[in-house]
1. Given a Förster distance of 22 Å, report the FRET efficiency between Glu207 and Thr253 from their Cβ-Cβ distance, rounded to the nearest 0.05.
2. Taking a 28 Å limit on the Cα-Cα distance, which of the listed pairs Lys470/Lys521; Lys340/Lys428; Lys470/Lys596; Lys428/Lys572; Lys418/Lys470; Lys469/Lys549 fall beyond it?
3. Please express the Cα-Cα pair-distance distribution P(r) of the stretch 105-261 as a list of whole percents, one per 5 Å bin, running from 0 to the bin with the greatest distance.
4. Given Cα positions, please report Rg to Rh for the stretch 173-312, the hydrodynamic radius being the Kirkwood one.
5. Kindly give Rg over Rh for the stretch 327-483, based on alpha-carbon atoms, with the Kirkwood expression for the hydrodynamic radius.
6. In the stretch 530-667, what percent of the accessible surface is made up of carbon and sulfur (1.4 Å probe, ligands and nucleic acids excluded)?
7. Roughly speaking, what % of Cα-Cα pairs in the stretch 246-399 are separated by over 20 Å, rounded to a whole number?
8. Can you give me the % of accessible surface on the stretch 417-493 that is carbon or sulfur? Probe 1.4 Å, all protein chains present, nothing else counted.
Amino acid sequence: MNTGPTTSYGAATAHQSLGSGSNDIDVFTNLTGLASNTTYNYRLVTQSYIMETSSTVITYGSNQTFTTYGQPIVATNSFGTTYGTNRTFTTGAPAPDGSNTWTEKISHWTGGSVPASRQSHSAVWDGTKYIMFGGFDGNATGMNNLWWYYPVTNTWIQKYTAVTPTARFGHTMVWDGTRVIMFGGIENGFFKNDLWWYNPTNNTWTEQNPTGGPPTARYNHSMVWDGANVIMFGGWSGSNRNDLWWYNPTDNTWTQKIANGDPSSPTARYFASMVWDSNRVILFGGYDATNKMNDLWWYDPTGNTWTQKIANGDINSPSQRYDGHSMAWDGTEAIMFGGKASDGNPLNDLWWYDPTGNTWAEKITQNGTGLPTLLRSAHSMVWDGTKGIMFGGYYNSTTYYNDLWWYEPISNTWTQKKTNGDAGSPAKRASFPMVWNGTEAIMFGGGETGTRSNELWWYTPSNNTWTQKKTEGDAGSPSQRFWSSMVWDGNKAILFGGDTAAGFKNDWWWYYPITNTWIDKTTTAISPSARVWGSMVWNGTKVILFGGKLADGTPKNDLWWYDPADNTWTEKIPNDAIGSPVGRWSPYMTVWDGAKVIMFGGNNAGTWYNDLWWYDPTGNTWTEKITNGAVSSPSTRESFSMIWDGARAIMFGGWNGSNFTNELWWYQP
């Protein structure tokens, strides 16, 4: 492919041999050195050999353009027999303005603005967001504020309207496809049976006057929309209720379907929550004036029948709760928020219920961040072209992880893909290296306290699966170890050093995924001293190794180049050289941005750093860009993970000798 700022073009990308045949073939290429906010011309150029005539034919695709916006470009191109057809380039949003700056994207223990703790509120799902109104915060009048929640970005936004229903709690709401329908509640001790519509398109409330019934004034009842009718169950009207009503907004009428006291229905209760999943009503929890519940029921409107699916007291469900937790349906799961715990305290945790598997999953912990159990260090993270993939690590000497998460910078969100303890994943571990080879993450070694491993696993994000490629104790693999370093050079993984049962090592190995083989490349020639926690990057032609820790605890700040072409190490900057960062260790404190090494933080024998340096291999020089102690930088730390996404460094987690963190930061050079 030829690219350039004009149709005169510039240098061509690397040639790709695509073999023979007549089928369409996808062409992929990585473009580096492009300027931000610039339009480039490009075209595909193909060279074909025709055996019948023993001739070579060069075909030029039509001229196309793409515009860069400071983000990595992901290109997918396809071409026909003669001319290229449609080509698409996907670019991210403009990179944030600024130079040599850190930006905190996810704070420690916070998840952004959230509604105040409350109970007895109500919420619905409108197809894109969760809409919540009112509730009880300890004031008998109640609340009448309105919030929207977006699960894609895991964020809350408060909304304001010109006309608003009176403050209340214990009311219920449903979504009928175009509007919110809200009924009942309590205000200053008086039960209500008024009915309102809310239109999110123009952000307006309108009071309605239905015929039929109406149901007895009540609060803390439950309602859903089934596509044609509102279905309402239970509540409190001076006593527990388990009657069931339908409301039809087309003719604005109420109809009773199941009388109060029916024995085949859920026990009479209030404070339950319900959703409609396109086939049935799902009811969760509630209170019968004696017992708090976390049972779950399905209601079939065709047969007008109830079925219990999860019994009260189930330990894998949200805790037993009452007093106005809310639940909404997003198309695949029920989203449940808040309520009142059995001890009387209000809750603001958030859960998802999957009716296909009849299972619950906690997504936001009480007063939490949406990052369950993410406090950790000594984990590893790789960049796969669109997202960060993070695995494992530990919280202390007894809490290790084997969960796996994806971080997407476009939405600034984490998504858990494998839960901690997953039986199909590698065993829980920390202090291992992991690299990305273009299609899989390759993970080697690591271990828990006092144990070492030499297993090798591949993780494939396209189907979210782990595959073990080398078993524990494999004789043809590097010895069992942790704290080693590894990079991917475009063809193979290169591993160096680590802590083994025989002590610290300075051996180096190559791993070829195509043949699933390790080759010991260690020689007696000059090489870095045996160490752990050295930080390595691949710059396109060589490995650059900086720092690490010796067996006697000495921190290093020497810098080495390794050339796999001739299997040689060259010391480029000796230990303790003037102008270098102080000696330190941390396995992922460096990244390569296409032109230079960026180094952050680390541990110098009990002194932790948050300075930031650039290393220029052309001039073989270090330059300090942010001094140690800078308050606008992440706090001092080690054993964090850091990746380069094509536009910025993304740094997550770590430990500073006293505290673990789950912060996530972006560095814009």
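The values are calculated or read from the model by the stated rules, or taken from the named source; none is laboratory data. This one's a predicted model, so the numbers in the text were calculated from it and none came from an experiment. Using ideal geometry, Cβ is built from the backbone for each residue, glycine included, and neighbour counts are taken over all protein chains shown. Heads up: the accessible areas ignore ligands, DNA and RNA and are worked out on the full protein's heavy atoms, side chains in. Shrake-Rupley method; radii C 1.70, N 1.55, O 1.52, S 1.80 Å.
1. Efficiency, rounded to the nearest 0.05: 0.85.
2. Where the Cα-Cα span goes over 28 Å, the pairs concerned are Lys340/Lys428; Lys470/Lys596; Lys428/Lys572; Lys469/Lys549.
3. 2, 9, 18, 21, 20, 14, 8, 4, 2, 1, 0
4. Ratio value, two decimals: 0.95.
5. Reported Rg/Rh (Cα atoms, Kirkwood Rh): 1.03.
6. 51
7. 59
8. C and S fraction of accessible area: 45 percent.
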